[in-house]
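The values are calculated or read from the model by the stated rules, or taken from the named source; none is laboratory data. Just so it is clear, the model here is predicted, and its values are computed rather than measured. Note: ideal-geometry Cβ built from the backbone for every residue, glycine included; neighbour counts use all protein chains shown.
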Amino acid sequence: MELTQIAFWTFSTLAVLSAIGTIFFRNLVYTVLSLISTLIMVSGLFFTMGAELVGALQLLIYAVAIVVFYVLVISTVPEFKGKAVDPKYMLLSIPVGFLIFLELAYVSIYGVWQSNTGIFSPEVIEKIGNAKAVGTMLFTKYLFPFEVASLILLVAMIGAIIIGRKEEKQEAQG
Amino acid sequence: MEELILTSIAIGIKSVIFIIGMFLLAAYLTWIERKFAGHVQQRPGPLHVGWHGLLQPIADALKVLTKEDIVPSGVDKVLFYLASLLAFVPAIMILAVVPFGQPVNLFGFEIKPYITDLNVGLILALAFGSISIYGVIFAGWASNSKYPMIGGLRKAAVLIGYEVALGFAMVGPIMQAGTFSLKGIVEAQQGLWFIIPNILGFVVILFAILAETGRTPFDVQEAEAELVSGYNTEYSAMKFGLFPLAEWYIATFVLSAIAVILFFGGWNGPHIFGPISPFVWFFLKLAMMFMFFLWVHWTLPRYRVDQITELAWKVMLPLSLLNILVVAIWIMIFG
């Protein structure tokens, strides 16, 4: 067994285990903790595949920056309330979850199918480095999706500011 | 297979040396801090154990290790134990990507004073530094008590603001060096240190490091005057000891190293100390940086929470963006 292979099996096993934990833990904070674990393991998988930049960004942006917001919200829930379980949403969430799973599976398989057609073979990436490869792709081939994504984020940000503002005004009046 | 085992053993030994070195160093950083704080406040600091209190850290370590370890009955036990490790382990993991000098030839062996030289070292250092914040937040939640909870939430709010500013402020040196590798950034500064066009970024990073490590103008997470002792109120013995060790000493030390690497040319300097001059220069600069943080810590009063977040979003973030613009213009003119 090679090192990358051992690392792959370790990371993927732990990722699947902690993903299961994310779904089945009844304590909200444990759920977040295993979500963090899942994200860290996925970033480890990126490292084993040689995508260091994506792995490091996954760690920095998802495992830290985004989940800190979740933790900030969830940890305000007191411990005894954090354990409550409500099964009435199960009926709706199972088919919707299955549909999302199908979509993700399609996208992943399609991505694997397409992955070897670009100009960035592993040898080229070794030579020019990860950051340059990602940057080149992002600002040439995927420029339009990139800009659309930033537009969506901008809309979300303005929306959040407007919602936040309204509450403040009401408080000032009352 | 054989090669794999050999590399694992080599990296393992190196990591153990780094970790033990860091532990000893952190112990003596507490002595330096107590001496420094003493003299700032016009008192001598530790004096009685050893020459000028030189054995004080060892006495302190023994005291902390042999104290009764109390776990309150209301806490979430798993998370309570996990939190102190979660604060400590990522802080020490930053050492994996921080280089302390160039490779040197000693007795025919090439000794590299760093564990790995990854191409994404800087991002990883930033990420590990931030993961250790979870220790503080979960410690606050697991304690199941009001003051630790408020402390943990404050820390999360502070982190969210300064993480963004810290990331943007690091973009300037990265743009000039053209690499994320910390070693590469030092090698790019052989002519002029990056502090020259990046002065705004440096100011932002000073604030961000103080905020990330919870040193005084930003120590709202433990604010003794309001929150008893903040997130670590319920902790005792070594579990309590790990928090300041991780945050105040290891994280501050390693982040000072990163600041020196980014802005003050790392180990670059005139070769006046013979073959060890890179180490001497690096540790001199590092000590200056660390002392600067101590100086700020023991001089200034604490900010309010709303002042901290306002400063992060309304001053630090625009400043770091302005820094990117300045550096871009600098690169356009001077190449």
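Is it fair to say B:ILE111 is modelled with pLDDT of 80 or more and either more than 14 Å from chain A (Cβ to nearest Cβ) or touching a strand residue (DSSP E or B) at 6+ places or on another chain (Cβ under 7 Å) (or both)? In short, no. Within the set A:ILE119, A:ILE125, the sole residue that is at pLDDT below 85, outside any helix (DSSP H, G or I) and closer than 30 Å to B:ALA177 by Cα turns out to be A:ILE119. Among the residues of the stretch A:153-174, the one identified as over 21 Å from B:TRP313 (Cα atoms) and either at pLDDT 80 or above or of a type in the set (A, V, I, L, M) (or both) is A:ALA172. The set of residues in the stretch B:224-267 being outside any helix (DSSP H, G or I) and on the phi < 0 side of the Ramachandran plot consists of B:SER229, B:THR233, B:GLU234, B:TYR235, B:SER236, B:PHE264, B:TRP267. Taken over the stretch B:1-25, the criterion of being closer than 19 Å to B:PRO99 by Cβ and either in contact (Cβ under 8 Å) with a residue 40 or more places away in the chain or assigned to a loop (DSSP other than H, G, I, E, B) (or both) is satisfied by B:ILE11, B:LYS14, B:SER15, B:PHE18, B:ILE19, B:MET22, B:LEU25.
Given the options B:SER84, B:SER73, name the one that is in the same structural domain as B:PRO148 (by TED's automatic domain parsing) and exposed (fewer than 12 other Cβ atoms within 10 Å of the Cβ).
B:SER73
Scan the stretch A:18-33 for residues that are over 19 Å from A:GLY55 (Cβ atoms) and either surrounded by 14 or more Cβ atoms within 10 Å (Cβ to Cβ) or of a type in the set (Gly, Ala, Ser) (or both) and the total you get is 10.
With respect to being loosely packed, with under 13 Cβ neighbours inside 10 Å and either in a helix (DSSP H, G or I) or more than 14 Å from every other protein chain (Cβ to nearest Cβ) (or both), B:ILE32 falls outside the description. In the stretch A:1-30, the residues that are without any contact (Cβ under 8 Å) to a residue 60 or more places away in the chain form Cβ pairs under 7 Å with partners that are among the aliphatic types (A, V, I, L, M) and not in a helix (DSSP H, G or I), at six or more places apart or across chains, as follows: A:ARG26/A:VAL85; A:LEU28/A:VAL77. Remark: A:ILE20 matches the filter, which requires a residue to be farther than 26 Å from A:ASN130 by Cα and in a helix (DSSP H, G or I). Selection over the stretch B:9-29 of residues that are more than 22 Å from B:ALA287 (Cα to Cα) and exposed (fewer than 12 other Cβ atoms within 10 Å of the Cβ) gives a count of 5. When the residues of the stretch B:190-241 are filtered to those that are charged (D, E, K, R) and crowded, with 21+ Cβ neighbours inside 10 Å, the one that is nearest to B:HIS297 (Cα to Cα) is B:ASP219.
Going by the conditions given, is A:ALA65 of a type in the set (Gly, Ala, Ser), under 14 Å from B:ILE160 (Cβ atoms) and either in contact with a helix residue (DSSP H, G or I) (Cβ under 6 Å, 6 or more places away or on another chain) or part of a helix (DSSP H, G or I) (or both)? In short, yes. The set of residues in the stretch B:133-149 being more than 10 Å from chain A (Cβ to nearest Cβ) and part of a helix (DSSP H, G or I) consists of B:GLY135, B:VAL136, B:ALA139, B:LYS146, B:TYR147, B:PRO148.
Only one of A:GLN58, A:GLN5 is more than 8 Å from every other protein chain (Cβ to nearest Cβ) and surrounded by 20 or more Cβ atoms within 10 Å (Cβ to Cβ). Can you tell me which?
Values: A:GLN5 fails: surrounded by 20 or more Cβ atoms within 10 Å (Cβ to Cβ).
That would be A:GLN58, the only listed residue that is more than 8 Å from every other protein chain (Cβ to nearest Cβ) and surrounded by 20 or more Cβ atoms within 10 Å (Cβ to Cβ).
Can you confirm whether the stretch B:123-131 contains a residue that is in a helix (DSSP H, G or I), of a type in the set (Phe, Trp, Tyr) and more than 13 Å from every other protein chain (Cβ to nearest Cβ)? The answer is no; no qualifying residue exists.
Of all residues in the stretch B:35-61, which are assigned to a helix (DSSP H, G or I) and on the phi > 0 side of the Ramachandran plot?
Correct list: B:HIS52, B:GLY53.
Among what's in the stretch B:150-159 and is in contact with a Ser or Thr (Cβ under 8 Å, 6 or more places away or on another chain) and not small (Gly, Ala, Ser), pick the residue that is farthest from the other protein chains (Cβ to nearest Cβ). Selected residue: B:VAL158. Residue check: A:PHE46 meets all listed conditions (1) facing another protein chain (nearest Cβ under 7 Å); (2) touching an Asp or Glu at 6+ places or on another chain (Cβ under 8 Å) but one, namely (1).
Yes/no matrix, rows are residues, columns are (1) more than 24 Å from the chain's Cα centre (by Cα); (2) within 27 Å of B:THR30 (Cα to Cα); (3) of a type in the set (Asp, Glu):
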residue: B:GLY266; (1), (2), (3): no, yes, no
residue: B:LYS285; (1), (2), (3): no, yes, no
residue: B:ASN323; (1), (2), (3): no, no, no
residue: B:ILE331; (1), (2), (3): yes, no, no
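Considering the stretch B:150-189, and only residues there that are at pLDDT below 85 and outside any helix (DSSP H, G or I), the residue that is surrounded by the fewest Cβ atoms within 10 Å (Cβ to Cβ) turns out to be B:GLY178.
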